[in-house]
Structure formats: C-alpha cells, structure tokens
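Remarks on the structure that follows.
The values are calculated or read from the model by the stated rules, or taken from the named source; none is laboratory data. Remember, predicted model here, so these are calculated numbers, not experimental data. We place every Cβ from the backbone using ideal geometry, glycine too, and count neighbours over all the protein chains shown. The protein model used for the area step is the full one, side chains on, heavy atoms only, and it has no ligands, DNA or RNA in it. Shrake-Rupley method; radii C 1.70, N 1.55, O 1.52, S 1.80 Å.
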Amino acid sequence: MSKQNPAWPPQDGKGFIRGESFGSLLVEIATDLAVRYPDRDFSDAVAQVFVWFDGTLARNRRFINTRRFPTFAAFQAYVRQAVWNAARMADRTRRRRQEIEVPPLDEPIASRELGPEERVQLREMVDRLPEPHLTIFLKVFFDEENPAWIASTQGQGFTGDQVQRIFEEAVDMLGDMRRGC
C-alpha cells in the first residue's frame, strides 16, 4: 500500500482528491482488489469513489480531518472499503440491468462501526427478512460463506447465482427497511 503521507491531513481536501497521490491510491487499491478478486470489476467503483469524494468535499471541505481519519492508514482503509462497497453495488446494479449511479453524498460510502442502538436496529431488520433471504443473508454476511457452497449444501436446489441474487435481494430489502419504504 502507499507510503505514509507526510502532510496528513491535507490542507486542501478537494485538491488532494483531485491530485496525483489520491488517483494513485485509488488505482493501487483497485489493482490489489482485482488481483485478489478477479471475478469482480472495480473500474466503475474507482470512478464512483472519486466522484463521491469530490462531491462530498464540495459540500464539506473539512471532510478529511484527523477526527474522522486520524492517520493516512485510516484514510486508506476507508478508501479500500469504499472501493469494495462501490464494486459490489455496481455488480448488483449491472445484474439488474440498471444504470450505475454515484452513491448519495449524504451517506457514507464505507462502513463504520455500529453503535449499540444501530446493532439492535440492524438485528431487528434482519429478523424481519423472509426465508430463504434470512438464512442466506446470515450465511453470506455474517458467516462469510461462499454462495456456491451455500447452494451445494442448502438442499433447496439453488444455484450459486441464485443464492447470490437472493443475498442481494436481502440487502436491498434491508436498505428499504432502513429508509422506511
């Protein structure tokens, strides 16, 4: 991964995001992820993450700060998670044959620690998922089991692609529940 940025945090976040070092960081992260996960396309993710950061910094020029990202390594971890999340969202969008869009600027693009209340709320939403969405979501998300393996062991006649689709439907359902739809 990239070396420690000696001037952390950058004085001009928007300039940093538009600069060579951030571009190199994005390419480095996407390349590393592409090597580790050759079946996933990270090209749209890189563009989405760049546009998300650019838009976020246009709205909040102090978004990159030491409280949010105490070190450059913390920022790198956030960007890595953002690229991963954006690639997964883009994959789901492509499978539904929809246009890929930039995630909303008012929502974090990478995950963060959930507080106790948020964990309870998440658990309650997960418990409301119908079957087989509930079981598949729990196995993929929490147990980190491979969809193909789940398909071969569930005994319900699902293919790995069907398990992946059901998992993505479960994620979409949770998103709808969170938004109150």
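Of all the criteria given as (1) touching a residue at least 12 places away in the same chain (Cβ under 8 Å); (2) under 30 Å from ASN146 (Cβ atoms); (3) surrounded by 14 or more Cβ atoms within 10 Å (Cβ to Cβ), the one not satisfied by LEU57 is (2). Scan the stretch 37-47 and give yes if some residue there is more than 26 Å from VAL171 (Cβ to Cβ), in a loop (DSSP other than H, G, I, E, B) and in contact with a helix residue (DSSP H, G or I) (Cβ under 8 Å, 6 or more places away or on another chain), otherwise no. Taking every residue of the stretch 37-47 in turn, none turns out to be more than 26 Å from VAL171 (Cβ to Cβ), in a loop (DSSP other than H, G, I, E, B) and in contact with a helix residue (DSSP H, G or I) (Cβ under 8 Å, 6 or more places away or on another chain).
Residue count for the stretch 152-168, restricted to those that are assigned to a helix (DSSP H, G or I), buried (at least 18 other Cβ atoms within 10 Å of the Cβ) and modelled with pLDDT of 85 or more: 2. Report yes if VAL79 is open to solvent by less than 10 Å² (accessible area, probe 1.4 Å), among the β-branched types (Val, Ile, Thr) and within 28 Å of GLN164 (Cα to Cα), otherwise no. The answer is yes for VAL79.
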